[in-house]
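To start, the structure under review is shown below, and the notes come after it.
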Amino acid sequence: MDDLHKKEMDQFRADLKDMKSYSESQFDKLIITVSSGAIGVTLAFVKDIQELSFHADLILLKISLIAFSLAIASNLISHYTAIKVVEYENKGDEVRSDNYNSWTRRFNNISIGCVIIGIVVLVFFFCYIL
């Protein structure tokens, strides 16, 4: 009975590891898709508007576009740092690997934070102009 339970737990852990890997790869795709889509839709919508009525409109628009752009940039940097994690891990340099891994997590957090800020500000922008 213990061997069966151990095998089930090992399989469960392997499945969790696979799910984590899949989620991480989807996270990056989602950040890029949402950010670039929001930039594209916003620019397409705004070009059809003759004139933004107030200076506040432009400020909200710029903040959202900057937030989405920063999300894309920080996501791309996190890809680079993740590659460095693997590179140094394969060399056996755990200190550098851990350092790059902490930067990867920071850039991922920046990405998600910028996407959230961009979405919130974009909603305020559209509520304000419509």
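Derivation of every value follows stated rules applied to the coordinates shown; laboratory data play no part. Please read these numbers as outputs of a predicted model, since none were measured by experiment. No Cβ is skipped: glycine too gets one built from the backbone with ideal geometry, and neighbour counts run over all protein chains shown.
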Would you work out which of LEU70, HIS5, GLN26 lies farthest towards the positive end of the dipole of the chain? Charges go on Cβ: Lys and Arg +1, Asp and Glu -1. LEU70
Simple label model, 7 Å out from Cα along Cβ direction - ILE83 to VAL123, nm: 3.6 nm
Distance in nm between pseudo-label sites at LEU130 and ALA73 (7 Å out along the Cβ direction from Cα): 2.9 nm
Just from its helices, what would the mean residue ellipticity at 222 nm be for the chain, if runs of 4 or more DSSP H residues each count -39500 (n - 2.57) and the sum is divided by every residue, rounded to the nearest 500 deg cm²/dmol? -34000 deg cm²/dmol
Which whole number of Å³ per residue matches the convex hull of the alpha-carbon atoms in the chain? 128 Å³
Angle between the chain longest axis and helix 94-129 axis [Cα atoms, degrees, rounded to 10]: 30 degrees
